[in-house]
1. List the relative contact order of chain B as a percent without decimals, with contacts defined as Cα pairs under 8 Å and 6+ residues apart.
2. Residue A:199 versus residue B:17, label points 7 Å from Cα toward the beta carbon: distance in nm?
3. I need B:161, B:15, A:35 ordered by Cβ neighbour count within 10 Å, fewest first.
4. What's the percent breakdown of Cα-Cα distances in the stretch B:74-169 across 5 Å bins, shortest bin first?
5. Relative to the longest principal axis of the C-alpha atoms of chain B, give the angle of the C-alpha long axis of helix B:112-124, reported between 0 and 90° and rounded to the nearest 10°.
6. To the nearest 10 degrees, how steeply does helix A:91-100 sit against the main Cα axis of chain A, on a 0 to 90 scale?
7. If you bin every alpha carbon distance in the stretch A:1-65 into 5 Å steps from zero, what whole percent lands in each bin?
8. When only alpha-carbon atoms are used, what values of Rg and Dmax, in angstrom, describe the protein assembly as shown?
């Protein structure tokens, strides 16, 4: 479903992505590994369409993602290094607005997602008062709520405790079981019990 | 079910309004600046109302322009830093439309209050009471055009670490027509002339801004996100 072919990308005078190709199908997880600066984040951003590659193409369901950006993005959830949350809003408000612009979302859905990621106890505090791990749990609830088929996760376990790491693994397993696709940049192994996992190691530029 | 564009725009607006009221100081800063500038002129220039009246259009419009430049810094900066703009770009909604909604809220929070408070400053500058409505209308319309044009520069300077000076330099040349016609409308209102011609021109600039500025701002923001 997600097909990346011959991706070349330069950042300034650095050739970060050199001929990266892969295919991920429904129910599969692709784990991107590689040293710091190997281009994991760059690759994820290029797949999401935030970066324009110099060469190569990202295609989704057989059509170039560039050409049907709206449809592609409606099926995609991207979670970067920092949780995209507003410090002055509570976690619940953040989700209501950020998910609401994508799809109609009910309050009990938000509640259920916050419960699932263990963010419910602190969901009504302004996000600026939360710890980095707590913010990540709120952001993960947001990823769940998008209902997206394709998840692009950049170091999803950063700042999470061991319990949180298991949570990420189980969320990914659940997504794969539902026929979704996960592409995640990781440093440590995620210990995914089930589901088909493919590894892609990026060589340092 | 995918959210419709109107629903998405409504949520963007409600969210920005809520954020603004949680941090009122940021909201009041440009307004305070305008009021200070406009009230200092009568103190320093001359106490003669007839001479102040001549300077009034210039004082009001230069004050409004500088204050709107101050406010433009907040238009996209925070959203770019916390990843909100990135999520807008990936939301499946049109980025152009989302930024247009944001710009409208920005005007509601900065341009409109400035226009509404202008009579307070205008009285001190000897503007006659019967000209007040025209002064407010011209500042409101001109402020809307300024917000739209400023959105382009605000998008372009996202990548710059200290974008403030650059933002002013980029916006000023584009803002000059608004300044000229706006001050002309105010001048005519004070002397009891016909304000329609400059108001039509201001309206034309605003319409041009509505149609083109969000497109340009979205293109600029996309570059800024790279």
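Each value in this text was obtained by applying a stated rule to the coordinates, not by laboratory testing. From a predicted model like this one, the values you see are computed outputs, not experimental measurements. FYI the Cβ positions are ideal-geometry reconstructions off the backbone, even for glycines, and counts take in every protein chain you see.
1. Working: 271 pairs, mean separation 59.1, N = 226.
It rounds to 26 percent for chain B.
2. Roughly 5.3 nm, to one decimal.
3. Numbers: B:161 5, B:15 23, A:35 13.
Ascending number of Cβ neighbours within 10 Å: B:161, A:35, B:15.
4. With a bin width of 5 Å, the distribution comes to 2, 12, 19, 18, 16, 12, 9, 6, 4, 2, 0.
5. The answer is roughly 20 degrees.
6. 50 degrees
7. Pairs per bin, as whole percents: 4, 17, 30, 27, 15, 5, 2, 0.
8. 25.2, 84
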